[in-house]
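All remarks here apply to the structure that follows.
Please treat every number below as a calculation from the coordinates, not as lab data. Worth saying up front: this structure is predicted, and the values here are computed from it rather than measured. Cβ placement follows ideal geometry from the backbone for every residue including glycine, while neighbour counts extend to all protein chains displayed.
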Amino acid sequence: MEVVATILEGALRYIGTIAITDWLDIALMAFLLYRALLLVGRTRAATVGKGVVLLLIALAVSDAMHLNSINFILRNIVTWGAIALFVLFQPELRRLLEQMGSTKLGNFNPFARAQKKTVLETAIAQTVDACADMSASRTGVLMVFERMTKLDEFTRSGTIVDAQLSSQLLKNIFFVKAALHDGAVIVRDGRLLAAGCILPLTHNVNISPELGTRHRAGIGMSEVSDAVVVIVSEETGAISVAIRGMLKRHLTPQTLEKLLTNELIASTDEEQPKEKKGLRLPWFRKGEKEAENDANI
């Protein structure tokens with residue numbers, strides 16, 4: 001007990017020596033660290049961050065074990081790697097500086113959340129109508145609904161549209177003879193941002209061989225981001241949705257609407273009660289056959 005009392009007394013004495021400016025310094029550092037983690041969480045930097053941590057651990061181990069050659073190589077990698085990170089994350093850093101320099105008056109608008117929800121609801125309804133028609137005509141569709149992870153690098157691979165999303169616009173884009181029908185469309189905040197975009201293919205070797213490039217691209221996009229990807233098969237007309245690397249296949253238009261509402265609206269509505277926030281899928285509990293046929297991945 002005396003040891004514990006001594007430790008507590010020393011800790012209290014040390015805390016008493018901390019000035020107000022020290023607390024301010026700690027608060028500012030915590031805020032900057034929080035913003036940095038938030039930036040990493042909204043991008044694909046998490047994987048790179050793991051690699052950086054492993055590299056630093058290897059550097060520390062090599063230094064402790066006096067592995068001079070390995071330590072020399074790792075030190076040079078860290079030195080040049082810091083410069084490479086600035087180049088690699090240039091889009092994210094630029095966006096962060098733009099956010100810091102801009103005044104987002106929309107954040108103080110009490111009606112902004114309701115307006116965004118209305119736009120998303122309209123976009124979902126138009127998407128469901130378009131997918132139902134294109135499923136019947138067996139027209140290939142690949143739609144990406146952006147969420148927290150920004151998809152600017154994929155947007156730049158296509159053609160900027162920035163238009164209100166409508167069923168007719170989607171059917172015109174994915175018409176088999178249209179110039180942009182082979183790529184994907186990216187939807188941001190309920191607006192059709194870009195079309196003809198190139199998406200990364202999944203590297204999962206356990207995917208069913210009957211799935212083509214469109215499905216593999218949709219799964220790949222859902223693996224590298226938190227986006228919700230809607231796919232309509234050109235061969236069968238089946239409607240699918242890829243989320244977090246998993247593919248839900250053979251969905252009806254009604255099931256598609258419920259799923260999109262749950263993922264894009266209900267899960268982000270902070271004012272809803274927890275039991276209504278989309279943590280469970282009612283359509284899945286009903287046991288609909290089309291919602292249970294997930295891809296074998």
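Odds and ends about this structure:
- Chain lengthening between residue 58 and residue 203 when straightened (0.36 nm per residue, less Cα-Cα): 49.5 nm
- The 3J(HN,Hα) values that the Karplus relation (6.51, -1.76, 1.60; θ = phi - 60°) gives for segment 146-151 are, in residue order, 5, 10, 6, 6, 6, 10 Hz. Gly and Pro appear as x.
- The calculated FRET efficiency for the pair residue 235 and residue 159, based on their C-beta separation and a Förster distance of 41 Å, comes to about 0.95.
- Dipole of segment 143-205 [Lys/Arg +1, Asp/Glu -1 at C-beta], most positive-end residue of 180, 148, 199: 180
- Förster radius 45 Å - calculated FRET efficiency between residue 148 and residue 65, Cβ distance, rounded to 0.05: 0.65
- Each other residue within a Cβ distance under 15 Å of residue 196 adds +1 if Lys or Arg and -1 if Asp or Glu, for a net charge of 0.
- Separation of the alpha carbons by more than 26 angstrom is noted, of 171/258; 116/150; 150/258; 50/258; 177/248, for 50/258; 177/248.
- In order through segment 11-19: 3J(HN,Hα) via Karplus (6.51 cos²θ - 1.76 cosθ + 1.60), integer Hz, x for Gly, Pro: 5, 5, 5, 5, 4, x, 7, 7, 7
- 154, 174, 86 arranged by Cβ crowding within 10 Å, fewest neighbours leading: 86, 154, 174
- Per-residue packing, averaged as other Cβ atoms within 10 Å, sorts the ranges 246-255, 216-225 into the order 216-225, 246-255, beginning with the highest.
- Among 53-63, 188-198, sorting by the average number of other beta carbon atoms lying within 10 angstrom of each residue, highest first, gives 188-198, 53-63.
- Gain upon complete extension [residue 178, residue 15; 0.36 nm per residue less C-alpha separation]: 51.8 nm
- Around the Cα centre of segment 110-159, unit charges on the Cβ atoms of Lys, Arg, Asp and Glu (plus for the first two, minus for the last two) sum to a dipole of about 200 debye.
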